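What follows is a set of notes on a single structure, which appears directly below.
The values are calculated or read from the model by the stated rules, or taken from the named source; none is laboratory data. Computed from a predicted structure; not experimentally measured. All Cβ positions, glycine included, derive from the backbone under ideal geometry; neighbour counts span all protein chains shown. Side chains included, ligands, DNA and RNA excluded: accessible areas come from the protein's heavy atoms. Shrake-Rupley method; radii C 1.70, N 1.55, O 1.52, S 1.80 Å.
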Amino acid sequence: MKFRSTIAFSLPAFSLFWFSLLWFSLLAFSFSPLRAQWVQTNGPEGGTITSMFSSGPELLAGTDVGTIYRLSGDRSVWSPAVTGNARVTAFLPIGPSLSAATAGNGIFLSSDGGVTWSPIAQGPSNSNVLFLASAGSTLFAGTLNDGTNGGLFRSSDAGQTWHEADSNLPAGASVFAMATSGQTLVAGTDAGIFTSIDSGKTWVSAGLGLAANNITSLAANGAAVVAGTNAGAIFRSTDRGAHWQEGGNELTPEAILALAWDGNLYAGTANGLFRSTDTGAHWAAVGSDPAGLRVTALAVNSGTLFIGTAHAGIFIDSLNGTPNASNGIALTSVPTTFSGGPYLFALTGFGDVARSSDSGDTWENVQPAPARSLIGVAQNLVMSTLDGRTLHSSNNGTNWDTLPEPLGDFSAFLPNGTVLFAATQNGVLLSTDGGATWAIKNSILQNVTAFALHGSDLLAGTNGSGIQRSTDNGANWQPIDTGFLSHMTINAVAAIGNTIYISTTSGVLRTTNDGVEWDTVNHGLTNFGITAFVVNATNLFCATAGGGVFVLRTALDSVWQPFNHGLSDTATVLSLAERNSDLFAGTDGHGIWRRPVDDIESAVRRAPGTPSDFSLDVYPDPVVTSPTVHFVSSDLRDGRISIVNEAGIVVSRLASKEGMATWDVTGFPNGVYEAVRSSGTQTARVRFVVER
């Protein structure tokens, strides 16, 4: 086995015909008034709800990614607004406006009922705001101890200025919650409960009878006050927090994350929703919750209880069935996405199986039980469930049957016609009837992370055993490489023609001779955490954990191009799928996004901010065998192109004739260069590699 640390890629001779074709293609793109981009689909529905607020007809929901949703007037769909990327922790009306607290970005204000938000001019000195409360005209903000300061802040001028209000509170205490009972303020901290009868100027400990210290939630109803702790205990007071006694012990020993009154008292916990009809003395679970949902927020609006959860979105009244109030909220994590039959399928991080027949515009959940893994071929689906069963559907998830023997969780799968290969802890499995019956082809090969077809051979990437190949439908396996790859973790595998691509913790490797030699193919990648490959003709797309999506035009060059227009350059993409000429990206916490595959030609290497109608492209890149490199500018006027080396020194100036120029690289050292084309106030730049 040989390993080449440099890229070796031969390109065909460059001809005037092909150069002219490239030129006209680029012009067609450069002057197009529209540019396709990633757009978020409408699902799968769900996400982590961290706070909710109800006032009259208004209902708002804050999330862990900084998006605030507002329920429409007909209560059918949620509309989003963005306050940044910090968790939204609380809401509070301030006069005619609404305020929202965030854990890291301070306080935001909305004057149009939550449609738009902007940060307040001067907030508390600690931007990790955990709650907002009011007593008369005085506002309070509790903050998280960030190591330098924490505690309680007070504003007497409608939030324009804030001052510390933690006299007699433990130094640096984090203040998690506050409730108002008559003229008494009750504050919950990580050092117990404190009360104030002078609008928060001074505080006294009210821990008599309170066994637990860390208070995570508070709720008041008249003289009754209830406190939830991080240990799952409920404490209640009937005298505005002066004395406390422990409530019923029916709750699980998990943190009490939310409390709400609606005639009855509700408690959202790390293991479901509970209700008390006697002010917390006794509790009973509400609804059937096989997945053990984490209830993170509660709100009562027009007599309806809205239940915010971690990952699964919003429920109404109970946790029975699927989330029934999340329309418009698409903040799910999607580790599995694939196309089958007339549908696009998705498995969310919380075990929902969703399908869409219209490219993500609408979604419906089809799982009969929370899922742990999902695979499929054509109209057939197979899923492993949270309770250890294996279910099969032959009609796109409409109906399900339980297989006689559970197969375990699927770590990889490969559909090939009507044949389905899968990997579990039992080894490599094969089904020839869409997953209704299975045969164990090989029980020795373990920890398979990815499959791919290479001609008639089956390839398997593994966690710790490198890349393996089978020539007999998975019965026997041999490592392709017996050298440095043999103990490596392979995250993704793809094959295009006679070339095999694999992703490792060090990026992408490729071989054109069955593993005898390997090349690194990392130019252009800003993130080596590759999670998935998708092959489209001679183009290879890769998803990354923190760098979005890239594309390698394997027939043209060996440089990855970012494919992120419309998607964050730091997005974590967990899965990729192609369907009906669209590419779908399952993200971590932002649902599924869609972009046309034929938009690949717009992924040209431009400097950030370069207008799309003034661009510069380079061919070939990297320059390996050719003695010349060619440039095409969308600006057709004659001009000059400067070539700058890595030290920032101009090493050559080229005359650009009708937007085209050629540079002879003979005699210039290998390295990274930048071509710069200026015209008036516009400048186009493109980097390329000389590696001869």
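Potential lengthening of the chain between residue 598 and residue 168 amounts to 148.3 nm, from the contour at 0.36 nm per residue minus the alpha-carbon distance. Estimated at the nearest 10 Å², the accessible area of residue 517 is 50 Å² with a 1.4 Å probe. Computed with every protein chain present, the accessible area of residue 194 is close to 20 Å² [probe 1.4 Å].
Using only Cα atoms and rounding to the nearest 10 degrees, what angle (0 to 90) does helix 16-30 make with the longest principal axis of the chain? It works out to around 20 degrees. The distance separating the Cα centre of the stretch 30-107 from that of the stretch 152-178 comes to 26 Å.
For the Cα trace of the stretch 125-257, dividing Rg by the Kirkwood Rh returns an Rg/Rh value of 0.95. Given their separation in residues at 0.36 nm each and the Cα-Cα distance between them, residue 640 and residue 409 gain 77.2 nm when the chain is fully extended.
Under 5 Å from the amide H of residue 130 lie the amide H atoms of 142, 143, 144, each residue being 5 or more positions distant or on a separate chain, with H modelled from the backbone and absent for Pro and chain starts.
Residue order by solvent-accessible surface for 534, 650 is 650, 534, largest first, with ligands and nucleic acids left out and a 1.4 Å probe. Here is the list for the stretch 49-115: trypsin sites (Lys or Arg not before Pro) lying in DSSP coil, each with at most 15 other C-beta atoms within 10 angstrom of its C-beta, are 75. At q = 0.10, 0.11, 0.12, 0.23 Å⁻¹ the log10 of I(q)/I(0) for the stretch 435-536 amounts to -0.26, -0.31, -0.37, -1.31, computed by Debye summation with a single uniform scatterer per C-alpha, solvent ignored.
Residues 438, 283, sorted by accessible area with the largest first, give 438, 283 [1.4 Å probe; ligands and nucleic acids excluded].
Each residue of the stretch 497-508 was assigned a 3J(HN,Hα) from its phi angle through the Karplus curve 6.51 cos²θ - 1.76 cosθ + 1.60 (θ = phi - 60°); the sequence is x, 9, 9, 10, 10, 9, 10, 10, 5, 9, x, 9 Hz, with glycine and proline shown as x. How large is the accessible surface of residue 116 in square angstrom, using a 1.4 angstrom probe and rounding to the nearest 10? We get 80 Å² for residue 116.
Taken one residue at a time, the phi angles of the stretch 464-471 give Karplus couplings (6.51, -1.76, 1.60, θ = phi - 60°) of x, 10, x, 9, 10, 10, 10, 10 Hz. Gly and Pro are set to x. The fraction of accessible area contributed by carbon and sulfur in the chain is 49 percent, rounded to a whole number (1.4 Å probe; ligands and nucleic acids excluded).
Distance from the alpha carbon centroid of the stretch 413-451 to that of the stretch 481-529 works out to 23 angstrom.
Building the convex hull from the alpha-carbon atoms of the stretch 535-585 and averaging its projection over directions returns 3.5 nm². Measuring max minus min along each principal axis, the C-alpha atoms of the chain give extents of 88, 69, 46 Å (largest first). A simple count of charges around residue 152, restricted to other residues whose Cβ falls under 15 Å of its Cβ and scoring Lys, Arg +1 and Asp, Glu -1, yields -3.
The residues of the stretch 346-447 have, on average, 41 Å² of accessible surface per residue, using a 1.4 Å probe with all protein chains present. With the convex hull of the Cα atoms taken as the outline of the stretch 83-180, the averaged projected area works out to 5.9 nm². Quote the FRET efficiency, to the nearest 0.05, computed for residue 506 versus residue 668 with a Förster distance R0 of 45 Å and r equal to the Cβ-Cβ distance. Efficiency at R0 = 45 Å is approximately 0.95.
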